[in-house]
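Below: the structure, in structure tokens.
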């Protein structure tokens, strides 16, 4: 909790009310005014109003509400300006105010308590760092076997980095506990000194936590385990810049917290908070400008790949977006601090905090995918097991054992097995990325006081729509991958060769699967669309009733189409022909090249492509089923001797 207060700055001089953003505050005030007006001036009930009157009143209410929202916003801005003018008078004497606050904590109205407290705090810090160092050395000895310089699997890299981070987090907890115990042992027990010690220990612990996150995310000391596409120099430079910026920001926030706990006046505390927020803004803008090319490379992706256009555009303008955000966030944060509104602090650094948390969650999801849901089949252990099976098979057949050949064959088989899983792994990776993206946006909006999930507003409905679309997308892709994979399995090995009369066609499953796949995909899309419309407030019951009436009308006007569809269904159920077979239906003949819902296409051996609706087929002669006989006439000249 102390770490969260230091990072987000929530609760510094803020009233203990339910968190909500500036927009919700304004909307709530406007709604309250509308409610009072409706209670005092309403003369007609909703049941007495005609639909036209209700629509007109609704439009008028929306327009009046918007005007009231604008008026309230302008009033808030004017109030913030007036408060800022009053606070400006405190700036020339703020150092005297702080000095007076510090002296008030001493017994003789002096500053003598500060050196004594700092000595006691230093003792706690020294012993805490010593305990953390000893734990780190023990951990390195215990987990040294987990570090492998030639690691290729991302799951192994993530496992090592997460375990290292967890051990370091335990070290930070140990540091904090030892530091507090030592201070309580040697400290004087003065309230001001205790508050000072708590703030200093918390700031140091928060700094160490940020260091752990940056160290394991950028991995400047472990090139083989770095998951981000950065060179050692780029990772080290960015790591040092982020660490220095975090140290300065945490120091400024800790100073504000310290003075607030010691009883600094509210106006002086507001000045300190605005100054600390401005310092964080300057640091983040400086890092964004200095490392714009480095981060642009991360946005583009790997150098050998061709990134999509949106990545190229974002890589070129991301630092401008960041600068604009930091400036706007600082301005809104300053206004909220001046007006004592909730969610006032932590807005400037909110994106950085959200991105760090998102990176951690995404890494954990990837680890779950690779270790639990879809364990990799091309690891060294898996290759060794396959090689052992190959050796046993060769020994049972009396062949000569060749370890190198067996290992090469094992690597090839493991790669083939993993290749079959790669579409599902890519799908799960995309799903994890989408989940993390939605969660990050919701967390960022919550830090601004505008939570997306669980809201009954239009934004909440939009989030639910996105969730339905995500589930529909995952189901669509999963069905497509499974059926396409089965179709590829059922396809004959000589499918690219010319099919002759009597040649073998595809299996029955290979013929039916494409139609079944299209049916399932259309069903998923329709269901997702219906749920989306329902979430948007559309009553879908009349749609089904209307669809029934329209379908009946279309049925009378499209009897031929319906006949084609039903005829094709029964032909396929009877297994009269399959894709790739050579058939003759009387009016045309050729190889069945494509089967759709209402028709099929025959490729004549001379190249002509004929499309035949199923309803027009009277009989089918299949020259590819089981066996076929062709009678060929051979004539000889009369003068040929027998």
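The values are calculated or read from the model by the stated rules, or taken from the named source; none is laboratory data. As the structure is a prediction and not an experimental result, all values here were calculated from the model. Note: ideal-geometry Cβ built from the backbone for every residue, glycine included; neighbour counts use all protein chains shown.
So, residue 393, is that one in a helix (DSSP H, G or I), exposed (fewer than 12 other Cβ atoms within 10 Å of the Cβ) and modelled with pLDDT under 85 or not? Criteria met by residue 393.
Conditions tested, residue by residue: (1) within 19 Å of the chain's Cα centre (by Cα); (2) more than 18 Å from residue 445 (Cβ to Cβ); (3) in contact (Cβ under 8 Å) with a residue 60 or more places away in the chain; (4) surrounded by 13 or more Cβ atoms within 10 Å (Cβ to Cβ).
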site: 300; (1), (2), (3), (4): yes, yes, no, yes
site: 305; (1), (2), (3), (4): no, yes, no, no
site: 312; (1), (2), (3), (4): no, yes, no, yes
site: 318; (1), (2), (3), (4): yes, yes, no, yes
site: 335; (1), (2), (3), (4): no, yes, yes, yes
site: 341; (1), (2), (3), (4): no, no, yes, yes
site: 350; (1), (2), (3), (4): yes, no, yes, yes
site: 353; (1), (2), (3), (4): yes, no, yes, yes
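Residues satisfying the criterion are absent from the stretch 97-106 (criterion: over 17 Å from residue 260 (Cβ atoms) and surrounded by fewer than 12 Cβ atoms within 10 Å (Cβ to Cβ)). Reported count of residues in the stretch 131-163, each being outside any helix (DSSP H, G or I) and at pLDDT below 80, is 7.
Residue check: is residue 358 at pLDDT 95 or above, surrounded by 18 or more Cβ atoms within 10 Å (Cβ to Cβ) and part of a helix (DSSP H, G or I)? In short, yes. Among the residues of the stretch 564-601, write down those that are under 47 Å from the mean Cα position of the chain (by Cα), crowded, with 21+ Cβ neighbours inside 10 Å and not in a loop (DSSP other than H, G, I, E, B). Matches in the stretch 564-601: 564, 568, 592, 600. Between a residue in the stretch 519-541 that is surrounded by 14 or more Cβ atoms within 10 Å (Cβ to Cβ) and any residue that is in a loop (DSSP other than H, G, I, E, B), which pairs come within a Cβ distance under 7 Å, given they are 6 or more apart or on different chains? Here the result reads 530/540; 533/540; 534/540, each pair linking the stretch 519-541 to a residue that is in a loop (DSSP other than H, G, I, E, B). Here 192, 206, 235 are screened, and the one residue that is more than 30 Å from residue 366 (Cβ to Cβ) and either outside any loop (DSSP other than H, G, I, E, B) or within 25 Å of the chain's Cα centre (by Cα) (or both) is 192. Pairing residues of the stretch 161-182 that are not assigned by TED's automatic domain parsing to the domain that holds residue 132 with residues that are surrounded by 17 or more Cβ atoms within 10 Å (Cβ to Cβ) and assigned to a helix (DSSP H, G or I), at Cβ distances under 7 Å and at least 6 apart in sequence or on separate chains, gives no pairs at all. Looking across the stretch 263-276 at every residue that is at pLDDT 85 or above and over 15 Å from residue 340 (Cα atoms), the one that is surrounded by the most Cβ atoms within 10 Å (Cβ to Cβ) is identified as 276. Screening the stretch 449-467 for residues that are buried (at least 18 other Cβ atoms within 10 Å of the Cβ) and either closer than 26 Å to residue 356 by Cβ or more than 16 Å from the chain's Cα centre (by Cα) (or both) and picking the one that is modelled with the highest pLDDT gives 449. Does residue 128 satisfy the criteria of being modelled with pLDDT of 70 or more and within 24 Å of residue 187 (Cα to Cα)? Taking the combined requirement at face value, the residue satisfies it.
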